[in-house]
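The values are calculated or read from the model by the stated rules, or taken from the named source; none is laboratory data. The shown structure was predicted, so the numbers you read here are calculated from the model rather than taken from an experiment. For neighbour counting, all protein chains shown are included, and Cβ atoms are generated from backbone atoms with ideal geometry for every residue, glycine included. Note: accessible area is taken over every heavy atom of the protein model, side chains too, but ligands, DNA and RNA are not part of it. Shrake-Rupley method; radii C 1.70, N 1.55, O 1.52, S 1.80 Å.
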Amino acid sequence: MDKLIDELIRLSFAEDIGDGDHTTLCCIPDTAMGKSQLIIKEDGVIAGVEMAARIFHDFDPDLKMTVFIPDGTEVKKGDIAFTVEGKVQSLLQTERLMLNVMQRMSGIATTTRKYVKALEGTGTRVLDTRKTTPGMRMMEKEAVKIGGGVNHRIGLFDMILLKDNHVDFAGGIKQAITRAQDYLKAKGKNLKIEIEVRNFDELQQVFEVGGVDRIMLDNFSIENTKEAVRRIREARNYEIESSGGITFDTLRAYAECGVDFISVGALTHSVKSLDMSLKAC
C-alpha cells in the first residue's frame, strides 16, 4: 500500500508543478532558507501529520519538521501543529499538496470522531465504505482510523461482500454464497464472506446456507433491525452490520438494536475539510 501512496504523491506533484513552479522560481533564490508553521483555523481532529512528513521528505529530504500535535488529537482554532524549515523554494512548492491532504484527512477524522462519540457505550463500531476519492483511498481510510472508526475493507481484493447486485446476477442468496465458498476453496484464499440481505426472507435463506462471517442488514427500519438481530443471535453468532438510510440522528437508535457495525459512506464522500494554513514564521 505504501507504493500507492508514493505514486499518489508523485502524480500530485507532477499535476501541480508541471515543468516548474515559475512563480517561486522567479522571485525566490535557490539558496534562500526559511521556516513555516501549520496553523489550525477551526476546531476539529487533526489527521495527516505523518502524511505531511512523508510529502515533505519525498520532495526534499533536507526539510526538517518539528511536530507539536500528533495525529488523532482534538485541536482548537489557533493551535500550531508543527513547523517545517529548509529551502524556501521547497516550502512553497510542497505547501498546497500538504494542505490539500491534511485538510481532507482532518475533515474525515473530525466527522468520524463525531460518529464514534455518538456510539459510546453501545459496543457498536462505525465503518467506512469504498465511497472514497479516486487515488486517495489509502489516505482517507487512514483518516477514518485516526478518528476512531474502523476500515470495512480496503478494496475489492481483501474481503468478499455479496451485495444486492451480486445476489441478483448470481440468481439468489444460495447461489451467491455457495459460489463464493467454492471460489475461495478453488483459489486457496482465506477471505471473510459478508452477505447483504434486504428482507427477512433473504435472511432466512442465509441461515439455511450458512458459511458466511457477517450479515449486512440493508435499509432495515429500526424495528426490523431489532427483530433481525434477535433472529441472527438465535441462529448463530454472525457479525451484524447495518447499512443504508442511517443518518447521524438515527445512528444511536440503530446501534441500540445490538448490531456490531454501522457503515457510513458520509465519513468519506461528503465531509467538509478542516481549515488550516501554512504560514512563514
Checklist outcome for this item: Projected onto their principal axes, the Cα atoms of the chain stretch, largest extent first, over whole-Å spans of 73, 41, 23
Checklist outcome for this item: Rounded to the nearest 10, the angle in degrees between the Cα long axis of helix 88-118 and the longest principal axis of the Cα atoms of the chain comes to 30 degrees
Item to check | Residue among 262, 200, 29 farthest towards the positive dipole end of the chain, charges placed on Cβ | outcome: 200
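For a quick check of your reading of the filter: which trypsin sites (Lys or Arg not before Pro) in region 1-73 sit in a DSSP loop and have no more than 16 other Cβ atoms within 10 Å? Could the numbers behind the result be given before it?
Details: sites: 3, 10, 35, 41, 54, 64; in loops: 41.
Loop-located and lightly packed - 41.
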Checklist entry - Rg and Dmax of region 93-201, Cα atoms, in Å? => result 17.7, 58
Next on the checklist: Below 8 Å, C-alpha to C-alpha, sequence gap of six or more: please give me the relative contact order for the chain in percent.
Outcome noted: 23 percent
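Which whole-number percent gives the relative contact order of region 109-201, counting Cα pairs below 8 Å spaced six or more residues apart?
Details: 89 pairs, mean separation 23.9, N = 93.
Rounded, it is 26 percent for region 109-201.
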Item to check | GNM flexibility winner over the chain from 99, 162, 191 (Cα, springs under 10 Å) | outcome: 191
Checklist outcome for this item: As straight-line cross-link partners of residue 189, the qualifying aspartates and glutamates (C-alpha separation under 17 Å, not fewer than 8 residues apart within one chain) are 158, 213
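About the Cα centre of region 209-278, what is the dipole size in debye to 20, counting +1 per Lys and Arg Cβ and -1 per Asp and Glu Cβ, all else neutral?
Once rounded to the nearest 20, the dipole reads 120 debye.
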Checklist outcome for this item: From the cross-link list 41/87; 141/174; 64/114; 3/117; 3/41, the entries with a Cα-Cα span beyond 28 Å are 141/174; 64/114; 3/117; 3/41
Checklist outcome for this item: Taking the alpha-carbon centre of each part, the distance from region 120-193 to region 210-250 in Å is 16 Å
Checklist outcome for this item: In order over region 135-140: 3J(HN,Hα) from phi, Karplus 6.51/-1.76/1.60, θ = phi - 60°, whole Hz, x for each Gly or Pro, gives x, 10, 4, 4, 5, 5
Next on the checklist: Please give the charge dipole size of the chain, origin at the Cα centre, charges +1 on K and R Cβ atoms and -1 on D and E Cβ atoms. Round to the nearest 20 debye.
Outcome noted: 480 debye
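How much accessible area per residue does the chain have, counting only protein heavy atoms and a probe of 1.4 Å, in square angstrom?
Numbers: 14080 Å² over 281 residues.
Spelled out: the 1.4 Å probe surface of the chain, per residue, equals 50 Å².
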Next on the checklist: List the residues, sorted by chain then number, that are 5 or more residues from residue 71 or on another chain and whose placed amide H is less than 5 Å from its amide H.
Outcome noted: 49, 50
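What share of Cα pairs, in percent, lie more than 23 angstrom apart in region 1-152?
Numbers: 4717 of 11476 pairs.
The share of Cα pairs beyond 23 Å in region 1-152 comes to 41 percent.
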Next on the checklist: Amide H of residue 244 versus every other amide H placed in the peptide plane: which residues, excluding those fewer than 5 positions away on the same chain, fall under 5 Å?
Outcome noted: 219
Item to check | Point-charge dipole on Cβ atoms (K/R +1, D/E -1) for region 150-281, about Cα centre, debye to 20 | outcome: 460 debye
Item to check | Per-residue HN-Hα couplings for region 269-281 [Karplus 6.51, -1.76, 1.60; θ = phi - 60°; Hz; x = Gly/Pro] | outcome: 8, 8, 8, 8, 5, 7, 6, 7, 8, 10, 10, 4, 9
Next on the checklist: Suppose each label sits 7 Å from its Cα in the direction of the beta carbon; what would the residue 269-residue 187 distance come out to in nanometres?
Outcome noted: 2.4 nm
Item to check | the chain, accessible surface, carbon-and-sulfur percent (1.4 angstrom probe) | outcome: 50 percent
